[in-house]
Amino acid sequence: MSTARHGEQSAFERIGGRDGLNRLAVRFYEIMASSPDAAGIRAMHKADLAPIADSLGEFLMGWIGGPRDWFMREGRPCIMSLHRALPIGVDERDQWLACMKQALAETVSDEDLRAELEPAFFRIADAMRSR
């Protein structure tokens, strides 16, 4: 996902590094948990969202061009495998994207970065569809 050119900050740096991604992930799950429009995807998660918020923050860190800790853990299944068993269709994808778009708007002040990330998030969310 990294879009940095020589002399420019990476997307990881522009979003605020690990702290910025953690804020994004936590806010994403807060929105998902409180939005009636996201009830479909909320139902796919355990009651305690803190562990999955931590995991999303770590995943995003490597995906956006930062440290790849999440990807380097031994025995870590690929992101596609983690979602394959879930009934994810267009509605669920769109619920996820709406929560992520709102979380981005609330936690990422760099408008150009948000404009870069939104289509990338669409591609990854669409790839998670199982139906």
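Assorted remarks:
- Solvent-free Debye scattering, log10 I(q)/I(0), computed from the Cα coordinates of the chain at q = 0.09, 0.12, 0.13, 0.14 Å⁻¹: -0.25, -0.44, -0.53, -0.61
- Rounded to the nearest 500, the 222 nm mean residue ellipticity of the chain from helices alone is -19500 deg cm²/dmol, with -39,500 (n - 2.57) taken per DSSP H run of at least 4 residues.
- A simple count of charges around A39, restricted to other residues whose Cβ falls under 11 Å of its Cβ and scoring Lys, Arg +1 and Asp, Glu -1, yields -2.
- Hz values of 3J(HN,Hα) by residue in the range 15-32 - Karplus curve (6.51, -1.76, 1.60), Gly and Pro given as x: 7, x, x, 4, 5, x, 5, 5, 4, 4, 5, 4, 5, 3, 6, 5, 5, 4
- Added length on full extension, which subtracts the Cα-Cα distance from 0.36 nm per residue, C78 to R114: 10.5 nm
- Relative to the longest principal axis of the Cα atoms of the chain, the long axis of helix 50-63 lies at roughly 40 degrees.
Computed from the coordinates by the stated procedures, all read-outs in this text should not be read as laboratory data. Note that the structure is predicted; figures quoted are calculated from it, not measured. All Cβ positions, glycine included, derive from the backbone under ideal geometry; neighbour counts span all protein chains shown.
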